[in-house]
Every structure is written in C-alpha cells, then in structure tokens.
Amino acid sequence: MQAKPNLALLCDFYELTMMQGYYLNGLENKICYFDIFFRKIPDHGSFAIFAGLDDILDFISNLHFSKEDINYLRSQNIFKESFLEYLENFKFSGEIYAMQEGEIIFPNEPLMIIKTNAIEAQLLETFFLLSINHQSLIATKANRIVRSAKNLPVLEFGARRAHGSEAALKGARAAIIGGCVASSCTLAGKNYNITTSGTMAHSWIQMFSDEFEAFCRYLELYPKNPILLIDTYHYKQGLNNAIKAFKKFKVRQCGVRIDSGNLEVLSKEIRVILDQNDLKECKIIASNSLDEKSIEKLLADNAPINAFGVGERLITASSDPTFGCVYKLVAIEENETITPKIKISEDKQKTTIPHFKKLFRIYDKKSQKMLFDELYIYDENLAKLDENLERKELLKCIFKEGKILNKQSNIKKIASYTKDQISKLDEKFLDFSNKEKYKIKLSKNLKNLQKKLIKN
C-alpha cells in the first residue's frame, strides 16, 4: 500500500508560531473546542453538501513531523529547541465530531467539532478548512448542475480546467458526491473507484485524411456505445459522416457530441436527422461551457439533449468560487469544567454561537421530510417533540484515542446518501429562485447564553 503523504507543514505559518506560544506559556494541556461552520451558501442557494471528510481523516491519522520538517522549522530561527523536541513526538490525541460526508448542510451550524489541546487544535485549522471548503463547494455546484439537468446524466469533464492536479482529483470526487454519474479524470477513477467516461477530441478527426475515415477507425476499436464528436468541421457534414459510419458497422446504441454553436438549435436539427435515418436510439451529448443556468434554459426550450458534459464552470465553481468555512474557538475546558467562548463582531453575521453543542435534524415521521435543525448546549435536556416528529443527531464522534471510528470511503455510497437526503428536503428548497431559508433553531439556554456573553 502506498504511504500517505506527510502534510504536517501544510498550514499557515502563524499556526506554528501560536503553537509555540501556547507551549512556552504552559498551555499545551489546555483543552479547547473548535467549531467548523460556514456562513453563506454559494450562488444564493438553499443548501450545500458536506464533502472532504475522507481527506481529513487520512490527514489526522498520519499527522506527524518528520526530521526534515523539524530541520526546516529550525532554519527559520524563530522556534526554540524545547518546542522542536516537543514536535518530534507529536501525534493528534483529541476527539473529532463530524456530520456524515454527503450530508445536507446549512449556514452557521457546526459541520465538525474538534476537542483537543490548544497546540493540536491550532495545527488542524488550515488543512481542515481547505479540504471542506474545496470539496463542499464543488459537490454543491455539481448538485445544482445535476438538478438543472432533471435526471439526465451529467458527466464531469473539468480536469484540464482545474486549478492544479489536486483540485482536479478532489473536484472529480466531490462532483460524484454531488450527483455526477462519471468523470473524465482517469486517476480519479483509479483512486476513488468511480466511473470514467469520455468521447474523443477534435484532434482524432484531424489526424485522418477525412472525417468518415476517422469515425470508421474509431468504431473498429470501440464498437460498444461509441460517441462521435461531429463539429470538428461542419456539424451537418459531421452528422452525415457519423450516420454513415454507424450504419456501416451496424451500431445502434451510440451517440453524437456537439461542443460548439447554438446547442438548442443544433440538437433539434440533429435529432430530426437521426430519427429520419432510423437512429432513434442514438443519443445527443452536449458540452461547451455549460452550467445550471444554460442547462436549465436548454431543457426549458425543449432541446432534445440526452446528457451533458460539464467542465470549467463545475470544477472551478466559477459563478461563486468561495465556500467560506471558518474555524472558531467556542469553549475551553479546565478541571473538567467547560467554559463557553464567543467571538463578537460589529457584523452580526460574524458573531459566533458559543459552547460545545449538539446538533439535531427534525423530520416528519410520516413523510420523512426535513423540517428544521436545532442546536443545544452539549449537556442540556432536549425539548419534547410532537409525536409526529423524530430527531436525528448529526454530529457523531469519528476520531478518538488515535483511532478512526467511522470512515466511509465508498464514493458511490456517499453519493447515494446525498441523493436520499436531498429527496427529504421540501420541494421549495430545490428551486433555484427560492428565497426562504431553512430554519435552524437555538435552544432557549443557548440563545440566552449567547446574549449574555455579547452583553459581557
């Protein structure tokens, strides 16, 4: 098995200087509670999707400082030898609580809670945030695109437009969680056991003396469900050559792809010609800078497209490319007493919800629809529910005493879970024009605590 990379130094430098400060001030055993949450749903959406947890668990289980790491820190001439000696035996010893990967999430509620000493807690911030921010962003964007396609397949085609190799791989993973059926990225297919898919490039056609020969050579090699790209030169010529090739090789389960032009007009013309040539089973696949808005419009205009290849606007989430998760201290523990902490801001949206908390989702028993979420202080009694309602606790302990307690790496199962949870949302939250926010309720004790700490 390939060794996991050591990413201990993948952190902001001030994490390390603060860690040393805690160590030199005798705070290395001070227990802290940090919440990870986000404040705004991208694209003014109604919900987001939690992704990136698998990488976090790999990171935390492998977290250590190598000799090379410590020598590098020594070379910065800012770290004392006693602190560097402490790092030689560094290992995460705390607890992590998290939602299930693929869960439906909303602003200002904890996605994860980290309980550990001050030094360990500080080190985790950068990697935890970058993992969740990127993959949750892409999973959420992918789902918007998938929903716009109204049950038609969406293929993730974004690797070449991604912001680097890691973004291509993690983005492909997140896109599958969000509902894409396949990715064009071969390494993502290998790493995550996801379906890979692709057609051909214009260069394939250009390599041969004419387009018909190029199609024939391709069908000789790949006769099973072939898809031919027909707009290298002129789409009508390409379509006619594709039809001739399909008929020559007696292929019926097939498709054509268009990657330019007015996709609505072209797809309608192509569908008529295919049907006239007894190729009713031949599918039309469209690509070319698509997103949820363009796909929604195409389908509203009755474009007879059967599948969509979506690249740059998915893999970069170009319409709203920041997710904005934050990592905030909410409590400290001394002598087994937990003391709440709050961050106050002139911007009310940035004032935090204090204390170690529990998060629940309330469902209608009969319909299984989500109704609202509720936050409680960790040790308070829960309000009694109406007999028609039921609770689900969302934050479960996933890492304790150096061990991963629950690791769900099967992407298809995560994607299936996401799809199931989305089906439990009220229909209004699936509408892109919806302005109503999903309700998140704070317990009376939690509300009073927040008000008290703000006044003090």
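The values are calculated or read from the model by the stated rules, or taken from the named source; none is laboratory data. From a predicted model like this one, the values you see are computed outputs, not experimental measurements. Positions of Cβ are generated from backbone atoms using ideal geometry, with glycine treated the same way; all protein chains shown enter the neighbour counts.
In a residue-by-residue description of segment 170-188, the property of being under 30 Å from His134 (Cβ atoms), exposed (fewer than 15 other Cβ atoms within 10 Å of the Cβ) and either touching a Lys or Arg at 6+ places or on another chain (Cβ under 9 Å) or of a type in the set (Gly, Ala, Ser) (or both) applies to no position.
Looking across segment 14-57, the residues that are in contact with a strand residue (DSSP E or B) (Cβ under 9 Å, 6 or more places away or on another chain) and in a helix (DSSP H, G or I) come down to Tyr22, Pro42, Leu53, Ile56, Leu57.
Within segment 408-429, none of the residues are assigned by TED's automatic domain parsing to the domain that holds His64, in contact with a His (Cβ under 8 Å, 6 or more places away or on another chain), at pLDDT 95 or above and of a type in the set (Phe, Trp, Tyr). Taken together, the residues in segment 266-284 that are surrounded by fewer than 22 Cβ atoms within 10 Å (Cβ to Cβ) and touching a strand residue (DSSP E or B) at 6+ places or on another chain (Cβ under 8 Å) amount to 3. Listed by position, the strands (runs of 3 or more DSSP E) enclosed by segment 352-427 that each have at least 2 residues that are without any contact (Cβ under 8 Å) to a residue 60 or more places away in the chain are 357-364, 389-393. One residue stands out among those in segment 263-313 that are of a type in the set (S, T, N, Q) and outside any loop (DSSP other than H, G, I, E, B): the one that is farthest from the chain's Cα centre (by Cα), which is Gln276. The numbered conditions (1) within 24 Å of the chain's Cα centre (by Cα); (2) touching a residue at least 40 places away in the same chain (Cβ under 8 Å); (3) in a strand (DSSP E or B) are all true for Glu333 except (1).
Answer yes or no as to whether Phe127 is crowded, with 24+ Cβ neighbours inside 10 Å, among the aromatic types (Phe, Trp, Tyr) and either within 30 Å of Glu296 (Cβ to Cβ) or assigned by TED's automatic domain parsing to the domain that holds Tyr378 (or both). When the stated conditions are applied, Phe127 does not pass them. Remark: pairs (first residue in segment 289-306, in contact (Cβ under 8 Å) with a residue 24 or more places away in the chain and closer than 14 Å to Val146 by Cβ; second residue in a helix (DSSP H, G or I) and of a type in the set (Val, Ile, Thr); Cβ separation under 7 Å; 6+ apart in sequence or on different chains) = Asp291/Ile145; Glu292/Ile145; Ile295/Ile145.
Yes/no matrix, rows are residues, columns are (1) surrounded by 12 or more Cβ atoms within 10 Å (Cβ to Cβ); (2) in contact with a Phe, Trp or Tyr (Cβ under 7 Å, 6 or more places away or on another chain); (3) of a type in the set (Val, Ile, Thr); (4) within 29 Å of Glu166 (Cβ to Cβ):
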| residue | (1), (2), (3), (4) |
| --- | --- |
| Ala317 | yes, no, no, yes |
| Thr322 | no, no, yes, yes |
| Leu329 | yes, yes, no, yes |
| Thr352 | yes, no, yes, no |
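Assess whether Ile113 counts as being among the aliphatic types (A, V, I, L, M) and in the same structural domain as Asp431 (by TED's automatic domain parsing). Here the answer is yes, as Ile113 does meet what is asked.
Any chance you could count how many residues in segment 353-408 are acidic (Asp, Glu) and under 28 Å from the mean Cα position of the chain (by Cα)? Total meeting the criteria: 6.
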